[in-house]
Amino acid sequence: MPIERLDPKTADETLIYSTDFTGELGDDTISTPTAEDVPAALTVSGVASSSGVVSFTVSGGNAGESYAFVVQVTTAASQTLRRTVNLAVVDAR
């Protein structure tokens, strides 16, 4: 499963991130994007897709910690594609 490192955020920030599945999709399209295995300290919401790119909003976390969760898509052809994303929460920018 591919791993992608997201830009860090502070604990009080709510940021929109995205991850691009176009390379894995070929001619297929995303039917359902989800965030899985999200640590309790984070909130991931607003998971949506457009043209093979999945976007999501992340809030929370504790400064000095790194978190990993899975962005998963189910495609029109019933493929399941998964990507682990890593996110560091920093004290300040």
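Scanning region 1-44 for residues that are part of a helix (DSSP H, G or I) and either touching a helix residue (DSSP H, G or I) at 6+ places or on another chain (Cβ under 9 Å) or surrounded by fewer than 16 Cβ atoms within 10 Å (Cβ to Cβ) (or both) gives THR22, GLY23, GLU24. If you filter region 45-58 down to residues that are open to solvent by less than 30 Å² (accessible area, probe 1.4 Å) and assigned to a strand (DSSP E or B), you find that the one that is nearest to VAL90 (Cα to Cα) is VAL58. The residues of region 59-80 that are of a type outside the set (Gly, Ala, Ser), part of a strand (DSSP E or B) and open to solvent by 30 Å² or more (accessible area, probe 1.4 Å), listed by number, are GLN72, THR74, THR80.
The values are calculated or read from the model by the stated rules, or taken from the named source; none is laboratory data. Given the structure is predicted, the values throughout are model-derived calculations rather than measurements. Cβ atoms come from the backbone with ideal geometry, glycine included; neighbour counts cover every protein chain shown. When the accessible area is computed, the model is the full protein with side chains, heavy atoms only, and any ligands, DNA or RNA have been set aside. Shrake-Rupley method; radii C 1.70, N 1.55, O 1.52, S 1.80 Å.
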